[in-house]
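Written out below as C-alpha cells is the structure these notes cover.
Just so it is clear, none of the values below were taken in a lab; they were calculated from the coordinates. All of these numbers come straight from a predicted model, not from anything done at the bench. Note: ideal-geometry Cβ built from the backbone for every residue, glycine included; neighbour counts use all protein chains shown.
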Amino acid sequence: TEALYADATAAEVETALEALDNIGDVTVWKDDLGLSMQVSQGVEASNGSLFSIWTVEFDGLCTNASAWANCPNNVGDLPLMIATQDMLEYEPSYIYNQHAPSVSVREIRPGSTGNTREDGDDLDKIAVTLTHETDDVSIGVYEVQTIRCFVTNTSAWQVNNERHAFELTFFNEVISVQANTTIADLESLIEGFTYITDVTVESPDAQPYVCAESPTDIYVYFEAEKLTQPTFGAKNMEGTMVFTDEFVQGIDSITYLGETTGQYEIVYTPRIKGNYSIAIEIDGT
C-alpha cells in the first residue's frame, strides 16, 4: 500500500488496501485501546491512546471504492499481510524508557473455503466466469463465438443475394452458408456439425440475415459442449467477407479432486494477459 500514518483512520486503511490489485473489497474498523498516562505536578492526565488496532475483514462486498471493476472474491485461509515499520518515528524518553513503536499483524479468524462435501456431484452444476478487467474478453465453462459477415458486392446483393455465400468450418467439417440465411436457419446448420449438439444463435441488433452491408456480430452460444472449442473458420467466400472470433473462451478442464475433499480443479489458459475477476456459482448460486 501507500504509506499510512500511525494514527490513520479506518477509512484511510480501507482505501489503501482496496487500491491493491489482488484485494477486491475489505471492511476495516479501528479501536483505540489503553490510555497513556502522564503525571504533571501530581495530576494524572490522558495523553491519547496507548495503541490502535485496525481490524480487516475480507468480505467481498465490492463497493465503489474497490480498484477493480469486478473485484476478486478473497475466500479461504488467506496469506497473512505483512506490515513494515521502517518509517515509524518517535522521541525516546530517558524517564519512561519506552520501547520503540512497532506494528504487528495477527490472524484472529481464519477464512474457510466452505463446507466439506463428500462427493463430486456438483461437477455438472459448476459455472465459472473469468472477466478481463480492461478488454471485452472472458473465459467460461461454455464458449461463445461470434460471426460477422460483410457483403462485398452490394449491387449484386440487391439483385440476387443467393450469389453471396461462404463455408463455415469446425474441426475438419464444412457447411455452406448463404448470405441470406436467417439466424434461426444458421442455428440449425451449425447443429449439423458432428461435434456440436446444441447451440443458441442470436443477433443482439436483430439482424435478419447472417450477412449484411453493415453487419454486427452474431453470437453462437455453446449449450451442451463444455470447455474450449475450436474457433469457427470461414473460407471460399463469394461476395462476402467473414470474420470469426471467440467472445467467451472455454476453460481447459474442470476436475473433481476425489475422496471427500469437495474440491474441484479448474484449469484455464488466458489468451490476453492482464487481471481477471473470477466468479464461481454452483447450481446458480
Decide, for region 191-259, between rounded, prolate and oblate: order the square roots of the alpha carbon gyration tensor eigenvalues as a ≥ b ≥ c, take rounded if a/c falls under 1.5, and otherwise choose prolate if a/b is larger than b/c, else oblate. prolate
If you add up the charges near Gln249, with Lys and Arg at +1 and Asp and Glu at -1, over every other residue whose beta carbon is less than 13 angstrom from its beta carbon, what do you get? -4
Net charge near Glu143, counting Lys/Arg +1 and Asp/Glu -1 over other residues with Cβ under 10 Å of its Cβ? -1
Of the listed peptides 77-90, 231-244, what is their order by residue-averaged count of other C-beta atoms within 10 Å, with the highest listed first? 231-244, 77-90
Can you spot the lysines whose alpha carbon is less than 25 Å from Lys273's alpha carbon? Ignore those fewer than 8 places along the same chain. Lys226
